[in-house]
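A short write-up of the structure that comes next.
The values are calculated or read from the model by the stated rules, or taken from the named source; none is laboratory data. In this text the structure is predicted, and so the values were computed from the model without any measurement. Methodologically, a virtual Cβ is constructed for each residue, glycine included, from the backbone with ideal geometry; neighbour enumeration extends over all protein chains shown.
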Amino acid sequence: MAARRDEAPVLVLANRLPFTIQRTRDGLERKPSAGGLVSALEPVLRQRGGDWIGWPGIALKEREKIPRNGGEPYGVQAVPLTDTEANRYYHGFSNRTLWPLFHSLPARAVFDARDWAAYDAVNERFAQVAAPAARDAGLVWVHDYHLMRTPGFLRLRVPDAHIAFFLHIPFPPWDIFRLLPWSREMLLGILSCDLVGFHVEGYAQNFLDCVEKRLGDRVDRTAGLVDHGGRVVRVGSFPLGIDFELFEKRALEASEGRVGREGERMVLGVDRLDYTKGIPERIRAFERLLERHPQHRGVVVLLQLAVPSRSQVADYRDLKREIDELVGRVNGRFATATWSPIRYLYRSVTPERLAAMYREADVALVTPLRDGMNLVAKEYVACQVGDPGVLILSELAGAAATMREAIQVNPYDIDETADAIHRALTMDESERRSRVASMRVREERDNVYSWVSQFLEEADLENAQLRPLTDDEIGGWLEPFLKKYHLSVFLDYDGTLTPLVDHPSKATLSSEVRDRLEALVARDDTDVAIVSGRALEDVRAMVGIDGITFAGNHGLEVAAPDLPHFRHEDVDHYEGRIVELGKALQEVCSDGAWVELKGHTLTWHYRPVKGDATQLVARAREIVLESGFQARDAHLAVEARPPIGWDKGRAVLHVLRSRHGPSWTENVRVIYIGDDETDEDAFRILAGMAATFRVGPADTISLAGRRLPDASAVAAILRWLAGRKRPS
Ligand code: GDG
């Protein structure tokens, strides 16, 4: 019997391994990472088994192996990168594009197609490394913005894998996210997961908004669900916590009076040196405090710890210079012989020393311009084991969503922040104690271990279902668009009006859809056309409803009740040649593959072929091209079409112009619904001029405005269209 999913191994995929590797004279050495996330995930990996897959952080030389540490509690798999790959994937796309953009600082974002290509390739490499173990894993848990394309590549290799993703940084609002030239690809990558987690609800809502606007997927904002072409993806918020007890213990063990000087009051800042952390703004606010409240001069010190970070990126080097200058200026302006206002440390300190700093600080100044969560705020609170201090927290940090008892500030507002520091320094003990106490209760309860178990619990749930498509929802999409205009509806046949079946002859219309089409055709404010890859007579016979316009062979032939018969002028020339092509394709008609002759086009179907058909498909395409036809991929089929620059989109325009005149856009609204790659031609031509819907699996990019899961959703739209009230 297969192992239960919640007991089967877990694969963790993260940019970095759970330790750092350094090259010393004696070879490679590994140093454990002290982060809370690593210590929270390790027990799970130990208990359920599994691997941690990540980049070792340095380029390994040939035959160089990651050193083992003896009692390896779980597997570690390194994804090696060359220096160029690391530059483009990590320093480039991850840190110069995604990091600033996702922190809503688009002016800093660099958009470079070569960085994107490297990011995509490295993400695929992660999927390649993970694939063998993913088959038996209960969960593949992908972390953070470095690996947003990996779930998509993994889903292709292991279709049944159970995949979850957690983003540690903010997810930006649509108006920012849309700036990314590869926004569609990024969303498709993440939506290959079963569960997508963010720190706070606001990011989850931003994500749902972007999915709906960019991909046209149906979303349920309240339940946190996305209908991704029939596969339902859960989206939720899981605010990360810290190892509370560990920080508290370190603070209790720290002897007092080690950090500051006697009689001195301390305001503390702890950050990686990063422009999102708002360090210059903070220094300016501290300067303003000294200007406005001179009583703090000589007494209060800002201790700013800035841990070196990403110094390969120019913006970070510039920031370092800016901070150096600012600190110099403020110190120069206010220092006395015995006191300097800012003590600035550009390095990291030991965890024990950090806990002592937290404990002693009267005020923690955590004022990022934007931050996914910010753990420093939580660690500070955990370390308030003596005389409690005050937390000043940026309202733009994820932590602000739950740490309501902090003094919250807008980090861009220098005056407000200065006043907040003054208020914190003068706050009485009972208020300080109350504020810290309630934050401590919450952080102790919602610690990193409960975060891991909540996320895993949610990930282990069976797939959810979205509520059925309602008339109200369809009305919300279409009513504002249709208004009082005449309506022209264009529909593909197979896979759109009927479910996809194993042989075209079995794709018959249900009586329900037939009734709705008849009701729609009967309306004098609506005309209906069916645009199919089938031969004209074939599709007409399958539908058999009078009053409908039929376009066969992808629009090369059109028959309409009110228009002259249309047949593309070059078609005859290709009719004989298509028969020849059909014969040539017999070469690839093994294992059940077969040729459907459709007049001047043909389709080679390989649906019956068992196993990998890649080689067969490649050869079929080759034969089609050698015969001078165009080859197009369709559902488990390759279509051959005459190379005459005509497609479904042109046929639709032909119908609209013939029926409603060249300025049809002034009087007519158009809806086009299709499920096939060949319908993309219509989506492209109609972009901006029609409401377009792509039906079926959503793992490829579509130009349609919205996605529908299957033919039953199309039936729901037809019902609404047929029954809609005429606007008065
Ligand atoms: C990303 C998101 C999100 C700092 N200096 C020292 C030191 N630290 C430790 C702190 C804290 C960690 O570094 C910083 O964590 P943050 O959460 O503040 O920020 P990011 O590094 O930007 O992390 C963030 C986080 O991911 C988790 O999802 O909260 O929003 O940007 O733990 O203690 N530790 C030691 N010495 C130092 O000098 N030992």
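Here are the numbers for the structure shown:
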| item | result |
| --- | --- |
| Lone unmet requirement of (1) among the polar types (S, T, N, Q); (2) part of a helix (DSSP H, G or I); (3) without any contact (Cβ under 8 Å) to a residue 40 or more places away in the chain for Q408 | (2) |
| Qualifying residues in segment 9-56 (those that are of a type in the set (K, R) and within 24 Å of P351 (Cα to Cα)) - the one surrounded by the fewest Cβ atoms within 10 Å (Cβ to Cβ) | K31 |
| Qualifying residue in segment 276-297 (condition: at pLDDT below 95, within 30 Å of G197 (Cα to Cα) and not in a helix (DSSP H, G or I)) | no |
| Criterion (closer than 20 Å to V44 by Cβ and away from the ligand (no atom under 16 Å from the Cβ)) met by exactly one of P159, P151, P80 | P151 |
| Count - residues of segment 329-370 that are within 20 Å of F244 (Cα to Cα), within 34 Å of the chain's Cα centre (by Cα) and surrounded by 15 or more Cβ atoms within 10 Å (Cβ to Cβ) | 3 |
| Count - residues of segment 285-314 that are charged (D, E, K, R) and either surrounded by fewer than 17 Cβ atoms within 10 Å (Cβ to Cβ) or at positive phi (or both) | 4 |
| Qualifying residue in segment 243-256 (condition: within 26 Å of P368 (Cβ to Cβ), assigned by TED's automatic domain parsing to the domain that holds G386, in a loop (DSSP other than H, G, I, E, B) and modelled with pLDDT of 95 or more) | no |
| Number of the condition not met by Y203 [criteria: (1) part of a helix (DSSP H, G or I); (2) more than 15 Å from the ligand (Cβ to nearest atom)] | (2) |
| From Y316, Y358, residue being of a type in the set (F, W, Y) and in contact with a Ser or Thr (Cβ under 7 Å, 6 or more places away or on another chain) | Y316 |
| Exclusive hit being free of Cβ contacts under 8 Å to residues at least 40 places away in the same chain and not aliphatic (A, V, I, L, M), set S505, S510 | S505 |
| Yes/no for T417 being at pLDDT 95 or above, more than 16 Å from the ligand (Cβ to nearest atom) and not acidic (D, E) | yes |
| Neighbours by Cβ (under 8 Å, 6+ apart or cross-chain): first from segment 356-371, outside the structural domain of L289 (by TED's automatic domain parsing) and within 11 Å of the ligand (Cβ to nearest atom); second in a helix (DSSP H, G or I) and at pLDDT below 95 | none |
| Flag for L536 being assigned by TED's automatic domain parsing to the domain that holds G705 and touching a Leu at 6+ places or on another chain (Cβ under 8 Å) | no |
| Residues located in segment 266-308, provided they are within 12 Å of the ligand (Cβ to nearest atom), of a type in the set (V, I, T) and within 21 Å of V381 (Cα to Cα) | V270, V307 |
| Residue within segment 375-387 that is in contact with a Pro (Cβ under 9 Å, 6 or more places away or on another chain) and either over 28 Å from Y203 (Cα atoms) or more than 16 Å from the ligand (Cβ to nearest atom) (or both) present | no |
| Where a residue in segment 563-591 is touching a residue at least 12 places away in the same chain (Cβ under 8 Å) and more than 30 Å from V528 (Cα to Cα) and its partner, wherever it lies, is among the small types (G, A, S) and in a helix (DSSP H, G or I), with Cβ under 9 Å and at least six apart | L585/A620; E587/A620; V588/A620 |
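Table: residues versus (1) assigned by TED's automatic domain parsing to the domain that holds L656; (2) of a type in the set (G, A, S); (3) surrounded by fewer than 19 Cβ atoms within 10 Å (Cβ to Cβ).
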position: E557; (1), (2), (3): yes, no, no
position: K583; (1), (2), (3): no, no, yes
position: A593; (1), (2), (3): no, yes, no
position: A613; (1), (2), (3): no, yes, yes
position: A618; (1), (2), (3): no, yes, yes
